[in-house]
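> Got a structure here, written out as structure tokens. Questions coming.
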Amino acid sequence: MIGGNIPGETKVLSVAIYDHVEALEWAQAHWLAAGMLLFSFVVVVAMYRLERHMQAVRHER
């Protein structure tokens with residue numbers, strides 16, 4: 001995990017999840033983790049589709 005923050009100004013998502021877990025705020029930690037998982041899934045699907053599109057363009061030439 002990458003972590004770090006400037007107190008009162010910035011906070012890395014992994015640090016925010018850690019803070020919620022330490023405070024026993026399980027629901028907030030779960031929502032943030034689920035958001036990270038969903039974002040990762042969307043990026044993987046987008047990259048897969050982009051790769052398929054690029055292969056189709058290469059084969060058309």
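> Six or more apart or on different chains, Cβ under 6 Å: which pairs go from a residue in region 10-21 that's β-branched (Val, Ile, Thr) to one that's in a loop (DSSP other than H, G, I, E, B) and exposed (fewer than 15 other Cβ atoms within 10 Å of the Cβ)? Could you list them?
So the pair list comes out as Val12/Gly3; Val12/Gly4; Val12/Asn5; Val15/Gly3; Val15/Asn5.
> Only one of these conditions is not met by Trp26: (1) more than 22 Å from Gly4 (Cα to Cα); (2) within 20 Å of the chain's Cα centre (by Cα). Which number is it?
Answer for Trp26: the failing condition is (1).
> Also, quick follow-up: Among the residues of region 14-34, what is the count of those that are of a type in the set (Gly, Ala, Ser), assigned to a helix (DSSP H, G or I) and modelled with pLDDT of 95 or more?
4
The values are calculated or read from the model by the stated rules, or taken from the named source; none is laboratory data. Note that the structure is a prediction, hence the values are computed from the model and not measured. Positions of Cβ are backbone-derived with ideal geometry, glycine not excepted, and every protein chain shown enters the neighbour counts.
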